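Following: one structure in structure tokens, then a few remarks.
The values are calculated or read from the model by the stated rules, or taken from the named source; none is laboratory data. These figures come from a predicted structure and were not determined experimentally. A quick note on method: Cβ atoms are made from the backbone with ideal geometry, for glycine too, and the neighbour counts reach across all protein chains shown. For the accessible areas, the whole protein counts, side chains as well, though only heavy atoms, and no ligand, DNA or RNA atoms are used. Shrake-Rupley method; radii C 1.70, N 1.55, O 1.52, S 1.80 Å.
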Amino acid sequence: PSLRNIEELCASIVRSYRETSQYRVEELHALQWKLFCRDEIQAYQSKSVDEMWQHCAIRLTDAVQYVVEFAKHIPGFRMLSQNDQIALLKTGSMEVVLVRMSRFFNTENSTVYFDGKFAGAEVFKSLACADLITAVFDFAHSMCALKLTDQQIALFSALVLINADRPCLEDRSRVQRVQRSVEYGITHILHRDNQDSLMHKLNQRMAVLRSLSGLHMEKLRWFCQRYPLTAHSLFPPLYKELFASEAELVPGTTH
Ligand code: 4D8
């Protein structure tokens with residue numbers, strides 16, 4: 001592809017990232033010392049496991065909806081089959097949410113913007129997923145350490161999403177073509193920023209993202225076994241569609 005095509009591709013991915021970011025970073029910067037008080041933390045920690053899971057699933061799905069919008073504006077994504085678009089979102093949307101999380105993370109006190117204030121890992125205690133939360137917070141620190149620009153985050157998010165190695169793809173070569181154009185875009189951006197060495201680190205972060213999203217799915221399977229009704233009737237439909245195909249939600253209905 002010509003340099004002009006690559007620059008146009010980068011511009012459209014950055015534009016759609018900006019248009020689908022729920023908050024402006026400056027807005028949240030003003031909030032970053034607005035922490036939950038002891039009573040509010042206590043209230044979260046006294047929620048039952050299934051209540052807190054439902055609450056987080058709803059919050060997570062809010063974030064995922066913006067990632068779905070972002071995906072639809074990545075040049076080439078909409079040309080993929082419906083099946084392949086869903087397959088890429090099933091495995092990639094949680095990963096992109098975790099990349100976005102780093103934009104709303106305060107590394108000085110390890111808190112993340114959640115429910116209008118900044119929450120430490122202890123707020124999520126009643127999820128009974130301490131290993132997942134610890135790994136997610138560590139990942140947020142490691143992403144912040146890279147000090148990526150908005151443009152680099154936008155291209156990295158597109159690269160995380162358009163991955164031809166994902167399972168259950170119908171037309172892998174078509175996804176490969178879109179993936180390759182995004183790879184040209186991110187290498188172009190990193191070269192222009194004189195940060196070619198960042199690509200290696202971003203590949204390392206993508207491996208960590210895959211393990212985090214795997215851990216999320218593992219916890220979800222554990223949760224569905226233990227609270228099948230909550231998962232089946234109280235989780236947002238988009239959450240169920242992307243993270244737990246119906247078959248897994250109702251134990252015993254294996255096809
Ligand atoms: O802009 O949408 O307001 C996390 C969820 C972020 C999970 C959300 C969450 C985000 C993952 C709630 C539960 C990241 C923002 C707020 C809600 C991503 C954890 C914290 C969005 C960026 C920060 C700020 C728990 C928003 C990882 C895993 C979820 C389970 C259901 C177990």
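Residue under question is Gln65, and the condition is that it be more than 15 Å from the ligand (Cβ to nearest atom) and either closer than 30 Å to Arg177 by Cα or of a type in the set (S, T, N, Q) (or both); does it hold?
Values: more than 15 Å from the ligand (Cβ to nearest atom): no; either closer than 30 Å to Arg177 by Cα or of a type in the set (S, T, N, Q) (or both): yes.
Considered against the rule, which asks whether it is more than 15 Å from the ligand (Cβ to nearest atom) and either closer than 30 Å to Arg177 by Cα or of a type in the set (S, T, N, Q) (or both), Gln65 comes out as no.
Which residues, counting only those in the stretch 196-245, are out of contact with any His (no Cβ under 9 Å at 6 or more places or on another chain), within 16 Å of the ligand (Cβ to nearest atom) and of a type in the set (Lys, Arg)?
Arg205, Arg210, Lys219, Arg221, Arg226
State which residue is farthest from the chain's Cα centre (by Cα) when the search covers only the stretch 1-39 and only residues that are among the basic types (Lys, Arg) and surrounded by 12 or more Cβ atoms within 10 Å (Cβ to Cβ). So that I can check it myself, show each step before the final result.
Residues of the stretch 1-39 among the basic types (Lys, Arg): 4, 15, 18, 24, 34, 38.
Going one step further and asking which of them are surrounded by 12 or more Cβ atoms within 10 Å (Cβ to Cβ), we end up with 15, 18, 34.
Working: Arg15: 18, Arg18: 15, Lys34: 24 Å.
Here the answer is Lys34.
Which residues, counting only those in the stretch 180-198, are open to solvent by less than 40 Å² (accessible area, probe 1.4 Å) and under 19 Å from Ala164 (Cα atoms)?
Ser181, Val182, Gly185, Ile186
Condition (residue is open to solvent by less than 30 Å² (accessible area, probe 1.4 Å), at pLDDT 95 or above and part of a strand (DSSP E or B)) applied to the stretch 132-145: is it met by at least one residue?
no
Give the stretch 87-111 a look and list any residue that's away from the ligand (no atom under 13 Å from the Cβ) and either surrounded by fewer than 16 Cβ atoms within 10 Å (Cβ to Cβ) or more than 19 Å from Val182 (Cα to Cα) (or both), or say none. If you could, list the steps in order and put the result at the bottom.
Start the filter on the stretch 87-111 by keeping residues that are away from the ligand (no atom under 13 Å from the Cβ), which leaves 87-92, 107-109.
Passing the criteria: Lys90, Thr107, Glu108, Asn109.
Cβ-Cβ under 9 Å, sequence separation 6+ or interchain: first residue in the stretch 49-76 and among the acidic types (Asp, Glu), partner assigned to a helix (DSSP H, G or I) and open to solvent by 10 Å² or more (accessible area, probe 1.4 Å). Which pairs?
As it stands, the answer is Asp50/Arg226; Asp50/Leu229; Asp50/Thr230; Asp50/Leu234; Glu51/Ser126; Glu51/Thr230; Glu69/Glu19, since those pairs meet every condition given.
Being hydrophobic (A, V, I, L, M, F, W, C) and either under 30 Å from Ile74 (Cβ atoms) or modelled with pLDDT of 95 or more (or both) is the filter here; which residues of the stretch 10-34 pass it?
Selection gives Cys10, Ala11, Ile13, Val14, Val25, Leu28, Leu31.
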